[in-house]
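Quick note: the coordinates plus some simple rules give every number you see, no bench work behind them. Note that the coordinates shown come from a computational prediction; the quantities given were computed from them, not determined experimentally. Every residue, glycine among them, receives a Cβ derived from its backbone with ideal geometry; neighbour counts consider all protein chains shown.
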Amino acid sequence: ARCEIHTIVKAVLEERSNAGEPSRNMGDFLDVLISNTTLSVDEKVSLVVDLLLGGHETTSLLISMMVYFLGHSPSVLKQLR
């Protein structure tokens, strides 16, 4: 799945880069990233993929840990109810 996401992100970056003009959201994250000349295309793709997947994994982990600790702390769970 990560490889497929990598391919899609690369295509989006290339499409935006080849458009030759800033997006209608001028100055969004992708515009800034594309304008960076010190990063390679693969580095830019990796950055976007890491941000997307990292944010997802962090949120799901936080929710899982919250449920776990609430399950082991009946008094706290009672206060929340």
Residues Val45, Val76, Val12 arranged by fewest to most Cβ contacts within 10 Å: Val76, Val12, Val45
Mean Cβ neighbour count within 10 Å, used as a protection proxy, ranking 29-39, 51-61 highest first: 29-39, 51-61
In degrees, nearest ten, helix 41-71 long axis to first principal axis of the chain (Cα): 10 degrees
Identified option (computed percent of Cα pairs over 17 Å apart; candidates [x] 60; [y] 72; [z] 80): [x]
Separation of the Arg2 and Leu62 label points, Cα + 7 Å toward Cβ, nm: 2.2 nm
Label-to-label distance, nm, for residues given as Phe69 and Leu52 (7 Å Cα→Cβ offset): 3.1 nm
